[in-house]
Amino acid sequence: MNYSVLNELFNSTFKLNETTKLISSDTEIHYCSFRSNDTVSSGIVPGLLSDNVAENSDFVYPVFMPAKPAQGNRVILLLHGLNERSWGKYLTWAEYLCTNTGKPVILFPIAFHMNRSPRSWSNPRLLQALFEKRKSTIGNDRTLSFSNLALSERITENPARFYSSGRQSLNDMSMLASDLVQGKHPLFQKSMKLDIFAYSIGAFLSQIALMSDQQGLYDDTKLFMFCGGSVFSEMDGESRSIMDKTAFEKMLHFYRNDFETNIKPNFEGDKAYEAFFSMLTPEHAEDERIAFFSKVKDRIRGISLKRDKVIPYQGVLTALGRENTSKQITLIDFPYEYTHENPFPVHDKRISDDVNRSFGQVFQSASAFLAS
């Protein structure tokens, strides 16, 4: 296996909403339609501007189907990172998990991400005027880029969007899990259950899903976290790939100082709110949070990267507690230059062997855990 070669092959084959068989693989990609509940995003937070984005309401998601399905009733849900607009880097990840576990893998987009956002949000030509306007407003911020412009602008306008879109994504996950259990999914028989491979902010969303589960949808779900698992306050989203410095500082201030006062009165006794709140800072519901992760310690594993600046290992220690983290999370380092956003660089042939081995190290571990 050559990660770089497979990555290029799979990206050349992949076309959104076109059922296809991947080159050099027995895996087939199918697509399913999904209709989200818009009111979760636009009406859940008082004062939040309505986000009537058609792409966010009705969309398709890819499902990787193995040639030789394993026995059982499990499906793997793969969740991506913050501010991502393309499934490109996840195709090799999903194919490996699908092939090596024998389980279908669903690539599910978080609200306002991937194909749940307008193409204009990632088109430099269409963003030029907004880019110049923001640049003149915030000054010479080197973290501003066309890649993070749309999210930076939306978060600066109202940082509560991070919470409301998270609630919508959480609701969508529950709808998907419920359809699988009830036999309403077009590809699967009744009583299918979810396991999760979660990367970056997808791990944060998964932790909240497990902590707030009142319907028993995730009562035996296994969760593998890669580059994820931290409390929010110890993350650093300031990145040309995620959001600019101005937006991240405003969001961090809001959730550290204003969120509880502004939002809590609307969610008294709400389990999802309580789970989200407990994951904001170290001191919020610390005993309850760590007790939960102790309770489910056999169902959670993960890998953190030593040089990850966006979601550092220290933040995972804080979230899970030192004892749980030592048993559930493995801290590793790769022998090449990498970032949180790009853990497996594909454009430098000099490090391709190291990238192959590092990719294998992560996904062999994930597959072994999720296959059992």
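The values are calculated or read from the model by the stated rules, or taken from the named source; none is laboratory data. Predicted, not measured: the structure shown is a model, and the values here were computed from it. Positions of Cβ are generated from backbone atoms using ideal geometry, with glycine treated the same way; all protein chains shown enter the neighbour counts.
Filter region 86-116 for residues that are touching a helix residue (DSSP H, G or I) at 6+ places or on another chain (Cβ under 6 Å) and hydroxyl-bearing (S, T, Y) and give the result.
Matches in region 86-116: T92, Y96, T101.
If I filter region 155-190 down to residues being free of Cβ contacts under 8 Å to residues at least 12 places away in the same chain and among the basic types (K, R), which single residue comes out as farthest from V63 (Cα to Cα)?
Going through the qualifying residues, I end up with K190.
Is it the case that region 187-203 has a residue that's out of contact with any Ser or Thr (no Cβ under 8 Å at 6 or more places or on another chain) and basic (K, R)?
Yes, region 187-203 contains a residue that is out of contact with any Ser or Thr (no Cβ under 8 Å at 6 or more places or on another chain) and basic (K, R).
Considering each of L331, L320 in turn, give the residue that is surrounded by fewer than 20 Cβ atoms within 10 Å (Cβ to Cβ), farther than 21 Å from L6 by Cβ, among the aliphatic types (A, V, I, L, M) and in contact with a Phe, Trp or Tyr (Cβ under 9 Å, 6 or more places away or on another chain). Don't jump to the end; show me each part of the working.
Details: L320 fails: surrounded by fewer than 20 Cβ atoms within 10 Å (Cβ to Cβ).
Result of the check over L331, L320: L331.
Examine region 120-131 for a residue that is in contact with an Asp or Glu (Cβ under 8 Å, 6 or more places away or on another chain) and closer than 25 Å to R161 by Cα, and state whether such a residue exists.
yes
Among the listed residues N158, N148, N171, identify the single one that is closer than 30 Å to K245 by Cα and buried (at least 21 other Cβ atoms within 10 Å of the Cβ).
The match here is N148.
Looking at region 20-56, which of the residues that are at pLDDT 95 or above and among the hydrophobic types (A, V, I, L, M, F, W, C) is farthest from T101 (Cα to Cα)?
F34
Check region 76-88 and report whether any residue there is over 26 Å from D26 (Cα atoms) and part of a helix (DSSP H, G or I).
No; the residues of region 76-88 include none that is over 26 Å from D26 (Cα atoms) and part of a helix (DSSP H, G or I).
If you check every pair at least six apart or on different chains, which have Cβ atoms under 7 Å apart with a residue in region 129-141 that is free of Cβ contacts under 8 Å to residues at least 40 places away in the same chain first and a residue that is aromatic (F, W, Y) and surrounded by 14 or more Cβ atoms within 10 Å (Cβ to Cβ) second?
Pairs found: F131/F146.
Considering each residue of region 1-38, count those that are surrounded by fewer than 18 Cβ atoms within 10 Å (Cβ to Cβ), of a type in the set (S, T, N, Q), in contact with a strand residue (DSSP E or B) (Cβ under 8 Å, 6 or more places away or on another chain) and in a loop (DSSP other than H, G, I, E, B), and give that number.
2
Please verify whether D179 is part of a helix (DSSP H, G or I), touching a His at 6+ places or on another chain (Cβ under 7 Å) and not aliphatic (A, V, I, L, M), treating the condition exactly as stated. Spell out the reasoning first.
Values: part of a helix (DSSP H, G or I): yes; touching a His at 6+ places or on another chain (Cβ under 7 Å): yes; not aliphatic (A, V, I, L, M): yes.
Yes, satisfied.
Output the qualifying pairs, or none if there are none: Cβ atoms under 6 angstrom, residues six or more apart or on different chains, first residue in region 257-275 and without any contact (Cβ under 8 Å) to a residue 12 or more places away in the chain, second residue loosely packed, with under 13 Cβ neighbours inside 10 Å.
Within 6 Å, no pair qualifies.
Can you tell me which residue within region 53-75, out of those that are part of a strand (DSSP E or B) and in contact with a Ser or Thr (Cβ under 6 Å, 6 or more places away or on another chain), is nearest to I196 (Cα to Cα)? Talk me through it step by step, then tell me what you get.
Residues of region 53-75 that are part of a strand (DSSP E or B), as a first pass: 58-65, 74-75.
Subset that is in contact with a Ser or Thr (Cβ under 6 Å, 6 or more places away or on another chain): 60, 64.
Working: V60: 19, F64: 14 Å.
By that ranking, first place goes to F64.
Residue-by-condition table, conditions (1) at pLDDT below 95; (2) small (G, A, S); (3) more than 23 Å from T19 (Cα to Cα):
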| residue | (1), (2), (3) |
| --- | --- |
| T101 | no, no, no |
| S120 | yes, yes, yes |
| N123 | yes, no, yes |
| L144 | no, no, yes |
| Y163 | yes, no, yes |
| A177 | no, yes, no |
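Which number in (1) modelled with pLDDT under 95; (2) crowded, with 19+ Cβ neighbours inside 10 Å; (3) over 18 Å from the mean Cα position of the chain (by Cα) marks the one condition that L217 misses?
Going through the list (1) modelled with pLDDT under 95; (2) crowded, with 19+ Cβ neighbours inside 10 Å; (3) over 18 Å from the mean Cα position of the chain (by Cα), L217 breaks only (1).
Within region 200-214, take every residue that is over 10 Å from the mean Cα position of the chain (by Cα) and in a loop (DSSP other than H, G, I, E, B) and give me the one that is surrounded by the most Cβ atoms within 10 Å (Cβ to Cβ).
Restricting to residues being over 10 Å from the mean Cα position of the chain (by Cα) and in a loop (DSSP other than H, G, I, E, B), the top hit is S212.
Which of the helices (runs of 4 or more DSSP H) found entirely inside region 278-372 contain at least 1 residues meeting this: within 27 Å of L91 (Cβ to Cβ) and without any contact (Cβ under 8 Å) to a residue 12 or more places away in the chain?
352-371
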